[in-house]
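Structure record follows, encoded as structure tokens.
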Amino acid sequence: HPEGTFIVAFDPLDGSSNIDVNVSVGTIFSIIEMQYDLPWGAGIEEHVLQPGVKQLPAGYVVYGSSTVLTYTTGDGVHMLTLVPEIGAYVLSQENVKMPDTGKIYSVNEAYADSFPQGYRDYLDSVKKQGYSARYIGSMVADFHRTLLKGGVFLYPETADSPGGKLRLMYEANPMAFLAEQAGGAATDGRGRILEKQPKDPQDRTPIVIGSRGEVDKVMPHLQ
């Protein structure tokens, strides 16, 4: 809209390949403001291409055994649960805090042979430490568990996807905003996800996200 104020980037159905097997899926959203300091006549993509630190609200809805809306506006992470009987979301958890550590890692290890060596070294290390593996294949569901239980979710670059596979603007950025607001961390293996400058709305990125203590354990292997 020519007089619009906000830009919404969203993944309408994350994990859609899991629908026919009744696994949790979700919707991820990110909202940013138009850049009023741009020159007159700037194209829409120039307004859209902002780093994650510019997000106002962001969050997701997970459709599972219950329907839960998780969001942040930069003042903590809050959850609302849909109550079908009244047709409304009801606040169920305020100021959600991600555990500082958690002996759970979440990654598609089928691709491990094509991960950079540092990720493979990390996976060898945590297996020796007795970590548990949990991987659903819907980022919303995997992140939701990590947010509540702690641990780390990894989606490294691979030989086939050297720039990573998750979309920066409407998958990685919203989840990174939530993680940081809950006390966790999110990186692409080199720097903070929220500081990455997108060059295209469909930019992809690797991601390591979860409990701050667990992300800190991954980083030495990647450096």
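S125 - would you say it is touching a residue at least 24 places away in the same chain (Cβ under 8 Å), over 21 Å from G213 (Cα atoms) and not aromatic (F, W, Y)? So S125 fails the test. Do any residues in region 80-94 that are within 13 Å of V61 (Cβ to Cβ) and aromatic (F, W, Y) have Cβ atoms under 6 Å from those of residues that are open to solvent by less than 90 Å² (accessible area, probe 1.4 Å) and not in a loop (DSSP other than H, G, I, E, B), where the two are at least six apart or on different chains, and which pairs are they? Qualifying pairs under 6 Å: Y89/L69; Y89/L80; Y89/L82.
Would you say G118 is open to solvent by less than 60 Å² (accessible area, probe 1.4 Å) and within 28 Å of K199 (Cα to Cα)?
So G118 fits the description; yes.
Being surrounded by 14 or more Cβ atoms within 10 Å (Cβ to Cβ) and closer than 20 Å to I193 by Cβ narrows it down to one residue among V8, V23, V68, V107; which is it? Give the derivation first.
Details: V8 fails: surrounded by 14 or more Cβ atoms within 10 Å (Cβ to Cβ); V23 fails: closer than 20 Å to I193 by Cβ; V68 fails: closer than 20 Å to I193 by Cβ.
Answer to the check: V107.
Counting just the residues of region 83-112 that are farther than 15 Å from H144 by Cα, assigned to a strand (DSSP E or B) and not aromatic (F, W, Y), which one comes out nearest to the chain's Cα centre (by Cα)? By that ranking, first place goes to L91. Among the residues making up region 162-198, those that are open to solvent by less than 30 Å² (accessible area, probe 1.4 Å), in contact with a strand residue (DSSP E or B) (Cβ under 7 Å, 6 or more places away or on another chain) and in a loop (DSSP other than H, G, I, E, B) are G164, A182, G184, D188, G189.
A quick yes/no check of all residues on (1) of a type in the set (F, W, Y); (2) under 30 Å from H221 (Cβ atoms):
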position	(1), (2)
Y71	yes, no
V90	no, no
T101	no, yes
Y111	yes, yes
F115	yes, yes
F153	yes, yes
E157	no, yes
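Looking at (1) in contact with a helix residue (DSSP H, G or I) (Cβ under 7 Å, 6 or more places away or on another chain); (2) open to solvent by less than 80 Å² (accessible area, probe 1.4 Å), find the lone condition where R145 falls short. Unmet for R145, out of (1) in contact with a helix residue (DSSP H, G or I) (Cβ under 7 Å, 6 or more places away or on another chain); (2) open to solvent by less than 80 Å² (accessible area, probe 1.4 Å): (1). Checked against the criterion of being over 25 Å from T205 (Cα atoms) and not small (G, A, S), region 101-122 has no qualifying residue.
The values are calculated or read from the model by the stated rules, or taken from the named source; none is laboratory data. On a predicted model such as this, the values are computed, not experimentally measured, just so you know. Ideal geometry is used to build each Cβ from the backbone, glycine not excepted, and the neighbour counts take in all protein chains shown. Ligands, DNA and RNA are excluded from the accessible area calculation, which covers all protein heavy atoms including side chains. Shrake-Rupley method; radii C 1.70, N 1.55, O 1.52, S 1.80 Å.
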